[in-house]
Structure formats: structure tokens, C-alpha cells
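Some notes on the structure that comes next.
The values are calculated or read from the model by the stated rules, or taken from the named source; none is laboratory data. All of these numbers come straight from a predicted model, not from anything done at the bench. FYI the Cβ positions are ideal-geometry reconstructions off the backbone, even for glycines, and counts take in every protein chain you see.
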Amino acid sequence: MRFSYPSGSRPLEGYTIKRGIGVGGFGEVYFALNDAGKEVALKKIQRNLDIELRGVRHCLNLKHVNLISLWDIRSNEQGESWVVMEYVPGPSLRDVVEAHPQGMPESQIKRWFASTSSGVAYLHEHGIVHRDLKPGNIFLDQDEQVIKIGDYGLSKFISHSRRSRQTESVGTFHYMAPEIGKGEYGKEIDIYAMGIMLFEMLTGDPPFDGESTQEIIMKHLTMDV
């Protein structure tokens, strides 16, 4: 993975980057230390700034054991926008699934699914739908032995209205609910993604796959598991 900033960089006042830890469609994530020595994760937003910041602002004041804490939104002299958040030292659910290609042990499945469900329920109780639940956005904090949901960049207040023309397609195709094709973003799309992840934890693979995004989407729309 290619990152914009090497170790030792200080693109944001008060923080020193130690290493890059992830690159996604909306930005880069770094492990960093603040000047007091506190470990944090810094996310540099690279595109769809308004969408990303809207999602983060919705979740800044949420506090739940199964949600990664979001602490601040900052800008630097170059005009870059950064999200300061809790650093979670440990594997993602994606890492765990890939380590068990025939399916995860039942005890692990129960733990990951129960913890993720608890965090999602809290979001829904506060009127927010995550919109991008997938194994790569769920993490095990090895220090605290707690499972946490991350990446709120696509979250928004629950709505059953059709999306505006300015709102782009959201989520990851393997976990997309059919309702998204109709422009509906209620809590049912998170529940659908939870079901897909449960299937993947049980079997090692998502229920629908294909050679193209169109093929995967059509299987979601037309096939039964």
C-alpha cells in the first residue's frame, strides 16, 4: 500500500505518524502518537469530503464499548481534513475469516456476531445507519479484548426517502442490501449486511460472488441462499 506520509511526518499539529495502517476509497489511516505519547489513529480524508465529514459528525458523541471512539475533526495548513480516533491494536474480522477458510469456530462466531450486533443496535437506537458494515470494518482490540465497529464515513441518519442525485452508491458490493438499489437506506441494510457476514463466518465465503460487480448485485437481487 502506498501512503502519502512516511513515518516521522507531522502533517497535523500535535501528532507524529508512526506508520500507515490502511488505505480505502475515502482515505488513508495512520497509527500515530500525540505529543503527550497517546496512541491514536489518524484518517486523512481524500475524496467525498462532505459525505465523510457528515458521517463522522453524526458519530462524534456516541459512546459504546463496541464502537471505535471518534475524538475530533481537524484541518492542516494544506487544507487536508483529518479524523482523530481511537487506535485499535488487533486483527479485523476480515483477517480472522481469511484464517479460517472453512468457517470460524462456533465460539468465535458467537463472540464476533454478538459484539457487532450490540454496536449496530446502539447506532440504530440513536437514529444512525452505518451503511458499510463488512469484515474489514470490524476489529478486535487485543489490549482490551473487545470487538469494535469502525469506519463511520458512510453513516447517516436513517431515512426511507429516495437518495438525491448527488449521493453516490455506498457500501461494498458483497454486503449490499437490495434496498440500496432503490435508494433506501434504513436500518434494514445494516441487518442484511450482518446476515451476509454471519454466512461468511460460518462458511468462509460470502453467499454471492461473481466476475463483476453487476453479477454480484444481480445475485443479491434474484438468488436465495
Just checking, how many residues over the stretch 1-53 are exposed (fewer than 13 other Cβ atoms within 10 Å of the Cβ), basic (Lys, Arg) and either over 17 Å from ILE73 (Cα atoms) or at pLDDT 95 or above (or both)? 3
Taking helices (runs of 4 or more DSSP H) that fall entirely within the stretch 45-135, which contain at least 1 residues that are under 18 Å from LEU202 (Cβ atoms) and of a type outside the set (A, V, I, L, M)? 93-99, 106-125
Only residues that are at pLDDT 90 or above and touching an Asp or Glu at 6+ places or on another chain (Cβ under 9 Å): list them for the stretch 141-165, please. ASP141, ILE147, LYS148
Scan the stretch 73-86 and report the pairs whose first residue is in contact (Cβ under 8 Å) with a residue 40 or more places away in the chain and whose second residue is aromatic (Phe, Trp, Tyr), with Cβ atoms within less than 8 Å and a gap of 6+ or a chain change. ARG74/TRP82; ASN76/TRP82; VAL84/TYR15; VAL84/TRP71; MET85/TRP71; GLU86/TRP71
